[in-house]
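One structure below.
What follows draws every value from the coordinates through simple rules; no lab data is involved. It should be emphasised that the depicted structure is a prediction, and the values quoted were computed from it without experimental measurement. Here Cβ is always computed from backbone atoms with ideal geometry, including for glycine, and neighbour counts include all displayed protein chains.
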Amino acid sequence: PARSRRITGVVVDDRTNAPLGGATVLVSRAIGGTLATTIDEHQRPPAIVITDHAGRFSFEMSAGHFYVDANLAGYVSTSSPKVVVGAADVDVEVRLERGGVRVHGTVADIKGGPIAEASVTAQYASGGVPSGRSKAAITAPDGSYELWLAIGEYDVRAEHDSYAPATVDLTVARE
């Protein structure tokens with residue numbers, strides 16, 4: 001069997017370089033230029049951890065291509081460049097910029113029941129055309145999610161292996 005490797009890193013404030021404890025960090029498999037709803041070939045959902053007081057995080061992964069996303073209230077959600085896990089462990093720095101607008105909601109089934117562990121991806125759309133810039137979150141047990149996004153147009157997609165995906169257009173403006 002393939003040996004596991006680690007993706008370790010730190011989440012910092014883009015302006016001050018201060019470590020950001022309490023940030024949610026999500027690792028998703030990269031397929032082409034997009035995020036997958038599973039972390040590996042065994043269909044496990046993306047991995048999520050919370051940074052420690054020093055802004056550090058760690059994931060154990062098999063080889064592959066991944067995106068590392070970080071979310072923290074009051075900061076624009078950010079994705080790392082594509083991370084390649086191969087023969088060696090990988091260290092990543094994710095820089096969060098203060099600001100953004102809080103976008104939150106609930107992913108529910110047709111009867112209104114919450115969908116836990118759904119992937120919610122907001123892909124920036126310039127002039128209505130999706131770009132490669134995307135932000136992602138995983139829903140909590142009550143189906144809720146939260147992202148902090150820059151002002152702009154987004155395609156927001158919710159996906160879960162047990163349900164059909166749903167996409168909505170979203171315009172983010174100042175609160």
Calculate, for ALA164 and ASP91, the FRET efficiency according to 1/(1 + (r/R0)^6) with r their C-beta to C-beta distance and R0 30 Å; round to the nearest 0.05. 0.20
Could you calculate the contour length gain from ARG98 to ALA116, that is, 0.36 nm times the residue separation minus the distance between their Cα atoms, to one decimal place in nm? 3.7 nm
Extension gain ALA173-ARG6, at 0.36 nm per residue separation less the Cα-Cα distance, in nm? 56.3 nm
